[in-house]
Amino acid sequence: MGCLAQSTSAPLFEFYGQVFPLQADPLLFDSLNLPGFLGFLDADGYAETTVAIPNQPWLHGYAFFGAVGVYDFPTIAPGKVSAAVALTIP
């Protein structure tokens, strides 16, 4: 499961026993609806997705954070969560 958020400050996002190092904000909840952000890893433990970002002047330079969590299927037992990674739209 991939997530995006505007901040890494509290309140943090908790999902099925894992705390993501991302603020529970509107960007985070919107990112959960992006295609490919919730899905399965292949046999090698790999998954990929892309996000189309409109070429809007107000988005250039926009900074946010991303993190990824892994869960076991079908039990949804928590695995691990990555550290938050800073991202900026060029």
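The values are calculated or read from the model by the stated rules, or taken from the named source; none is laboratory data. Given the structure is predicted, the values throughout are model-derived calculations rather than measurements. In this analysis, Cβ positions are derived from the backbone assuming ideal geometry, glycine residues included, and neighbour counts consider all displayed protein chains. These accessible areas exclude ligands, DNA and RNA; they are computed on the full protein's heavy atoms, side chains included. Shrake-Rupley method; radii C 1.70, N 1.55, O 1.52, S 1.80 Å.
Out of all the residues in segment 38-50, which are open to solvent by 70 Å² or more (accessible area, probe 1.4 Å) and of a type outside the set (Asp, Glu)?
LEU38, PHE40, LEU41, ALA43, TYR46, THR50
Name every residue in segment 22-37 that is open to solvent by less than 50 Å² (accessible area, probe 1.4 Å) and either part of a loop (DSSP other than H, G, I, E, B) or free of Cβ contacts under 8 Å to residues at least 12 places away in the same chain (or both), in order of residue number. Give the steps one after another, and end with the answer.
So the first thing to find is which residues in segment 22-37 are open to solvent by less than 50 Å² (accessible area, probe 1.4 Å), and the list is 22-25, 27-28, 31-32, 37.
Of everything in segment 22-37, those that are open to solvent by less than 50 Å² (accessible area, probe 1.4 Å) and either part of a loop (DSSP other than H, G, I, E, B) or free of Cβ contacts under 8 Å to residues at least 12 places away in the same chain (or both) turn out to be ALA24, ASP25, LEU32, PHE37.
Of all residues in segment 72-90, how many are open to solvent by 50 Å² or more (accessible area, probe 1.4 Å) and within 16 Å of the chain's Cα centre (by Cα)?
Pass one, segment 72-90, residues open to solvent by 50 Å² or more (accessible area, probe 1.4 Å): 72-76, 78, 80, 83, 85-88, 90.
With within 16 Å of the chain's Cα centre (by Cα) added as a condition, the list becomes 78, 80, 83, 85-88.
Summing the residues that are open to solvent by 50 Å² or more (accessible area, probe 1.4 Å) and within 16 Å of the chain's Cα centre (by Cα) in segment 72-90 gives 7.
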